[in-house]
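Worksheet: one structure, shown below.
Just so it is clear, none of the values below were taken in a lab; they were calculated from the coordinates. The structure displayed is predicted, hence computed values, not measured ones. Methodologically, a virtual Cβ is constructed for each residue, glycine included, from the backbone with ideal geometry; neighbour enumeration extends over all protein chains shown.
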Amino acid sequence: MIFGALWMIASFSILGFGVYFMIEDVLKMEPFQVVNQVLIYYMVFDLVFRYFLQKMPVMNIKPLMYLPIKRKEIVNFAIGKTMISFFNVLHAFFFIPFSIVLIMKGFPVLQVLAWNLAILGWIYCNNFLNIFVNNKDVVFFAVIGFIVVMIGLQYYGIFDITQFTYPIFNSFYAVPYLAFIPVVLAGVFYKIAFTYFKKNLYLDAGLSVKHDIAETQDYTWLNRFGSMSTFLKNDIKLLRRNKRSKTTLLMSVLFIFYGLLFFTGSVEAYDGPFWRIFAGIFISGGFLFTFGQFVPSWDSAYYPLMMSQNIRYKEYIASKWYLMVIATIISTIISVFYLYWGWQAYAAVVVGAIYNIGVNSHLVLWGGAYIKTPIDLTTSKKAFGDKQAFNAKTLLLTIPKLLLPMVIYAVGHFTLGEVFGFALVAIAGLTGFLFKNKVFDIIEKVYKSEKYKTLAAYKQNN
Amino acid sequence: MITVSNLSKSYNAGPVLNIENLDIPKGQSFGLVGNNGAGKTTFFSLLLDLIQPTTGFIKSKDIQVNESEDWKPFTSAYIDETFLIGYLTPEEYFYFIGELRGQNKADVDALLKQFEDFFHGEILNQKKYLRDLSKGNQKKVGIIAALIGNPEVIILDEPFANLDPTTQIRLKQIIKNLAGQQGVTVLVSSHDLMHVTEVSDRIVVLEKGEVIKDLATSAATLKELEAHFAGE
């Protein structure tokens with residue numbers, strides 16, 4: 001988590017200092033105007049990120065309620081705590097360097113300060129908005145829908161929202177005293193959040209835990225998978241009924257669209273032919289990577305049960321493997337729209353899928369066997385920020401999964417042409433299949449030899 | 001049935017369990033008592049091979065538990081919530097355990113039928129996931145799940161805690177019945193001296209990881225235990 005935070009701070013600072021010159025030199029546009037135009041998206045994305053990542057203080061309030069502290073103070077404390085959150089501080093690392101550059105470039109100090117004050121106000125509006133929006137999926141999907149529609153309309157030149165929001169953001173600079181409007185608005189939102197919070201500060205109201213209505217499901221159609229179906233049924237329930245796993249599913253859908261960056265030619269750096277394979281691997285393998293790297297951590301909450309039952313490791317692993325294979329195939333089918341950018345684009349997805357199923361599925365499960373981070377299924381908040389999700393070891397493991405097929409493709413591409421390149425990657429994937437049982441044996445051994453360490457590590461959070 | 005030899009477990013902070021010899025014959029109802037930190041859960045975890053012994057070993061039916069997994073088919077346990085799968089309904093959980101233990105749906109249903117009064121209408125068909133059940137109801141599910149698949153050894157850590165009085169009385173019946181009539185070796189730990197003396201043929205008192213009393217239960221046992229824990 002610390003690593004991730006430092007990384008964010010670093011990139012925001014660099015962006016803050018550099019964005020002015022990047023826009024001026026590369027886009028040949030007026031930097032301050034461009035920033036004001038995209039600010040609306042900046043703010044909306046900020047809200048989305050908060051929704052996913054910012055932890056609400058509600059959870060830690062309960063113990064305070066039994067202590068002799070006034071309710072008003074509890075609420076102020078809880079909301080106040082969100083105000084000093086990383087999600088607010090982070091923006092300073094972008095806007096302060098950016099403003100320094102502006103002032104150096106001769107923008108009037110007072111006006112730049114007013115503009116900053118306005119931004120600060122907007123960010124706190126987002127902060128308080130997130131408090132009463134939190135855990136309301138309807139609002140969240142409305143926002144996501146809004147973004148997609150707006151970007152789409154802008155892309156096709158039908159309607160450009162930034163034309164309307166640009167003057168608003170610019171006015172805080174042009175007419176400095178207007179900057180108090182967002183600040184006052186933030187104050188109003190604070191008041192609303194405060195009232196909302198205080199009214200719900202009861203164990204059976206805002207602090208109650210929502211209970212899902214559960215249906216017992218048999219999934220008898222899975223029985224055809226024999227004794228493996230025991231685990232398969234469980235894994236499907238795991239995916240469908242927990243917040244954390246639903247976030248993973250959502251992420252894997254996003255991965256399908258990741259390839260647009262490559263095949264539409266919108267990112268110049270990705271124009272080399274071997275990048276196709278890179279894209280193909282990610283498009284088809286989103287679920288495979290995001291789910292697979294945490295096997296067996298998905299079962300961390302009840303790992304002692306699993307370890308004291310007579311489970312057949314092979315079937316346990318095979319069940320997760322089948323899930324990954326099925327998801328990869330589904331992603332590949334959905335990605336058929338890449339044909340629009342030529343048969344090469346879709347061929348890259350298909351051979352990427354073959355390589356994913358044949359080679360990467362094994363590597364991912366093997367790597368996951370060493371990752372001992374307990375997963376809290378009931379919250380989605382840690383899905384990205386988890387220190388293990390992006391640690392050095394995981395990154396190191398990702399390199400052979402991605403680089404190797406790219407190299408294989410490049411070898412084929414630059415000798416006999418692209419068809420040969422695709423064929424080589426596909427052959428590499430099919431060869432991987434032959435090692436399936438061997439790899440499962442190794443993973444089983446790892447599970448057994450790491451058993452006590454894994455149990456102890458999972459216990460830390462339980 | 002269960003033989004303990006020179007078993008010890010130490011962490012960096014020092015030893016937490018040290019049992020030189022302990023034999024638990026088949027069909028015995030075995031009670032384990034001791035204050036917090038006495039080593040009860042450590043002992044059960046060693047028995048289930050969830051932690052490694054520092055020295056010595058435990059044999060269950062002549063199978064050394066940390067070397068072979070062949071004890072698993074005839075052993076079952078409920079230690080704490082980590083033995084429950086939160087996102088399943090109680091029914092799904094029972095069937096899952098059943099499948100792991102080679103029981104089909106009808107077998108499990110037949111077993112559940114016997115414990116309808118134990119569930120007291122609060123477990124089955126409640127449209128709730130296990131994670132949303134109260135602590136007491138979760139415990140009921142865990143205990144009954146431990147009976148699935150005709151185990152020969154059943155380990156229950158603090159089964160009486162969190163249960164309401166009616167359920168406690170019913171649970172005592174179940175435990176007595178398992179050991180007395182079905183020949184199951186039942187290991188129970190408890191802080192409730194009265195309950196544990198009532199259900200156990202034999203009571204072992206642990207203190208700082210050592211066995212300091214090993215009593216065959218009689219009319220005088222409860223008094224003796226109370227005197228011991230009162231510090232007399």
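Could you work out the helix-only [θ] at 222 nm for chain A, with each DSSP H run of four or more residues adding -39,500 (n - 2.57) and the total divided by the number of residues, to the nearest 500 deg cm²/dmol? Don't skip to the answer; put the middle values down first.
Numbers: 21 runs with 321 residues, N = 462.
That comes out to -23000 deg cm²/dmol.
Determine the shielding of peptide A:305-318 by partner chains: average, over its residues, the number of Cβ atoms on other chains within 10 angstrom of each Cβ.
On the way: counts 15, 4, 6, 16, 11, 12, 3, 1, 1, 0, 0, 0, 0, 0.
That works out to 5 on average.
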Taking the mean number of other Cβ atoms within 10 Å as a proxy for protection, how do you rank A:278-288, B:186-196 from highest to lowest?
A:278-288, B:186-196
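Measure up A:K459/B:K127; A:K81/A:K191; A:K237/B:K139; A:K246/A:K320; B:K59/B:K213; A:K233/A:K320 against 18 Å on the Cα-Cα distance and list the ones that go over. Spell out each step's value before the answer.
On the way: A:K459/B:K127 29 Å; A:K81/A:K191 15 Å; A:K237/B:K139 22 Å; A:K246/A:K320 16 Å; B:K59/B:K213 22 Å; A:K233/A:K320 11 Å.
Violating the 18 Å limit, Cα to Cα: A:K459/B:K127; A:K237/B:K139; B:K59/B:K213.
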Under 5 Å, built H, 5+ apart or other chain: amide partners of B:F57:
B:S5, B:L7
When the Debye formula is applied to the Cα atoms of region B:101-145, each taken as the same point scatterer, what base-10 log of I(q)/I(0) results at q = 0.13, 0.26, 0.30, 0.33 Å⁻¹?
-0.29, -1.04, -1.19, -1.26
Whole-Hz ³J(HN,Hα) for each residue in region B:201-216, computed from phi via Karplus 6.51 cos²θ - 1.76 cosθ + 1.60 with θ = phi - 60°, x for glycine and proline: what do you get?
7, 8, 10, 10, 9, 9, 9, 6, x, 10, 7, 10, 9, 9, 10, 7
Chain B pair-distance distribution - Cα-Cα, 5 Å bins, rounded %:
1, 6, 14, 18, 20, 17, 12, 8, 3, 1, 0
Given the -39500 (n - 2.57) contribution per DSSP H run of 4+ residues, what per-residue ellipticity at 222 nm results for chain B, rounded to the nearest 500 deg cm²/dmol?
-10000 deg cm²/dmol
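Work the Kirkwood hydrodynamic radius out for region A:37-95: mean of 1/r over every pair of different alpha-carbon atoms, inverted, in Å.
Numbers: mean 1/r = 0.0750 Å⁻¹.
This gives a value of 13.3 Å.
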Suppose we keep just the alpha-carbon trace of the protein assembly as shown; what are its Rg and Dmax in angstrom?
30.3, 95
Taking region A:2-199 and dividing mean pair separation by its residue count, relative contact order in percent (alpha carbons under 8 Å, at least six apart)
32 percent
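Expressed as cubic angstrom per residue, what is the convex hull volume of the alpha carbon set of region A:97-180?
122 Å³
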Want the number for B:D164 to B:K26: 0.36 nm per residue separation, take away the alpha-carbon distance, what's left?
46.7 nm
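Do you know the relative contact order of chain A, to the nearest whole percent, from alpha carbon pairs under 8 angstrom that are 6+ apart? Can you show the working numbers first?
Working: 509 pairs, mean separation 73.2, N = 462.
Relative contact order of chain A: 16 percent.
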Residue mean of other protein chain beta carbons inside 10 Å, B:90-102
4
So what are the ³J(HN,Hα) numbers for region B:96-112, from phi and the Karplus equation (6.51, -1.76, 1.60; θ = phi - 60°), rounded to whole Hz, Gly and Pro as x?
4, 4, x, 5, 5, 9, x, 10, 8, 4, 5, 4, 5, 4, 4, 5, 4
Which values of log₁₀ I(q)/I(0), to two decimal places, follow from the Debye formula for region A:220-459 at q = 0.07, 0.08, 0.11, 0.15 Å⁻¹ with a uniform point scatterer at every Cα?
-0.23, -0.30, -0.57, -1.03
Once you wrap a convex hull around the alpha carbon atoms of region B:2-89, what is its projected area averaged over all directions, in nm²?
7.3 nm²
Along Cα→Cβ, 7 Å out, is where each label goes; now give me the distance between the ones at A:K445 and A:L117 in nm to one decimal.
6.9 nm
Skipping prolines and chain starts, which residues have an amide H placed within reach, meaning under 5 Å, of the one on B:L22, given they are 5 or more residues away or on another chain?
B:V4
Sort B:10-17, B:122-129, A:120-127 by the packing proxy (mean of other Cβ within 10 Å over each peptide's residues), most packed first.
A:120-127, B:122-129, B:10-17
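Expressed as a rounded percentage, what relative contact order does region A:1-103 have, with Cα pairs under 8 Å and six or more residues apart? Intermediate results must be reported in sequence, preceding the final value.
Working: 50 pairs, mean separation 50.5, N = 103.
It comes to 49 percent, rounded to a whole number.
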Number of partner chain Cβ atoms within 10 Å, mean per residue of B:124-133
4
Scalar couplings 3J(HN,Hα) for region A:248-257 by Karplus 6.51 cos²θ - 1.76 cosθ + 1.60 (θ = phi - 60°), nearest whole Hz, x for Gly and Pro, are 4, 4, 4, 4, 5, 5, 4, 4, 4, 8
